[in-house]
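> Before we start, here is the structure in question, set down as structure tokens.
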Amino acid sequence: QVELVESRGGLVQAGGSLRLSCAASGRTYSTYAMGWFRQAPGKEREFVTAITWSGGQTVYADFAKGRFTISRENAKNTVYLQMNSLKPEDTAVYYCAARRFGGYREEVSSYDYWGQGTQVTVSS
């Protein structure tokens, strides 16, 4: 069993930056692929980015490329999401997720554990 706890999000102005972290418990965390997803009001949860257990491979949604960066520190059982050049359309609840087996995937259904989510609001 893995428990995921995201850091507090916040309110930022458009063009600003924010870093989210996700702390995991569980001895096998370091072997899991990790992902970030988001869900805006009235919309389905969507993929943002993911990283392999080693951190050697990452994948990003098109809207995240060049603005968001995922990283992880297995020694700290933590995965990060650095978000730059934020836009109002990035406003959403952001979730981290862990996948027990296999590499990273973009489908919500591929992940086994989820954090509680954290609100990110970008003002124009």
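> With the structure loaded, tell me whether I70 is in contact (Cβ under 8 Å) with a residue 40 or more places away in the chain, hydrophobic (A, V, I, L, M, F, W, C) and more than 24 Å from S124 (Cα to Cα) or whether it fails that test.
Numbers: in contact (Cβ under 8 Å) with a residue 40 or more places away in the chain: no; hydrophobic (A, V, I, L, M, F, W, C): yes; more than 24 Å from S124 (Cα to Cα): yes.
No, not satisfied.
> Do you know which of the residues in segment 85-94 that are in a helix (DSSP H, G or I) and either in contact with a strand residue (DSSP E or B) (Cβ under 7 Å, 6 or more places away or on another chain) or under 12 Å from F37 (Cβ atoms) (or both) is least open to solvent (accessible area, probe 1.4 Å)? Outline the logic, then answer.
Within segment 85-94, the subset in a helix (DSSP H, G or I) is 88-90.
Subsequent filtering for residues that are either in contact with a strand residue (DSSP E or B) (Cβ under 7 Å, 6 or more places away or on another chain) or under 12 Å from F37 (Cβ atoms) (or both) retains 88, 90.
Values: P88: 55, D90: 2 Å².
Selected residue: D90.
> Something else now. With respect to S17, determine if the residue is at pLDDT 95 or above, more than 14 Å from the chain's Cα centre (by Cα), under 12 Å from L81 (Cα atoms) and open to solvent by 30 Å² or more (accessible area, probe 1.4 Å).
Working: at pLDDT 95 or above: yes; more than 14 Å from the chain's Cα centre (by Cα): yes; under 12 Å from L81 (Cα atoms): yes; open to solvent by 30 Å² or more (accessible area, probe 1.4 Å): yes.
When the stated conditions are applied, S17 passes them.
> Hey, can you tell me all the residues within segment 20-51 that are polar (S, T, N, Q) and either within 10 Å of the chain's Cα centre (by Cα) or part of a strand (DSSP E or B) (or both)?
Step one: of segment 20-51, the residues polar (S, T, N, Q) are 21, 25, 28, 30-31, 39, 49.
If the condition is that a residue be polar (S, T, N, Q) and either within 10 Å of the chain's Cα centre (by Cα) or part of a strand (DSSP E or B) (or both), then S21, S25, Q39, T49 are the ones that fit.
> Applying the selection to segment 1-14, what residues are part of a strand (DSSP E or B), more than 13 Å from the chain's Cα centre (by Cα) and either among the aliphatic types (A, V, I, L, M) or within 13 Å of K87 (Cα to Cα) (or both)? Before you say what the answer is, go through the steps one by one.
Quick first cut of segment 1-14, residues part of a strand (DSSP E or B) only: 3-6, 10-13.
Cutting the leftovers down to more than 13 Å from the chain's Cα centre (by Cα) gives us 3, 10-13.
Within segment 1-14, L11, V12, Q13 qualify.
> Sort through A97, A75, A64 and tell me the only one that's among the aliphatic types (A, V, I, L, M), part of a helix (DSSP H, G or I) and either touching a strand residue (DSSP E or B) at 6+ places or on another chain (Cβ under 8 Å) or at negative phi (or both). Break it down stepwise before answering.
Numbers: A97 fails: part of a helix (DSSP H, G or I); A64 fails: part of a helix (DSSP H, G or I).
Just a single option satisfies the conditions, and that option is A75.
The values are calculated or read from the model by the stated rules, or taken from the named source; none is laboratory data. Just so we're clear, the structure is a prediction, and the values are computed from it rather than from any experiment. Note that we place each Cβ from the backbone using ideal geometry, even for glycine, and neighbour counts take in every protein chain shown. Side chains are part of the model used for accessible areas, which takes the heavy atoms of the whole protein and leaves out ligands, DNA and RNA. Shrake-Rupley method; radii C 1.70, N 1.55, O 1.52, S 1.80 Å.
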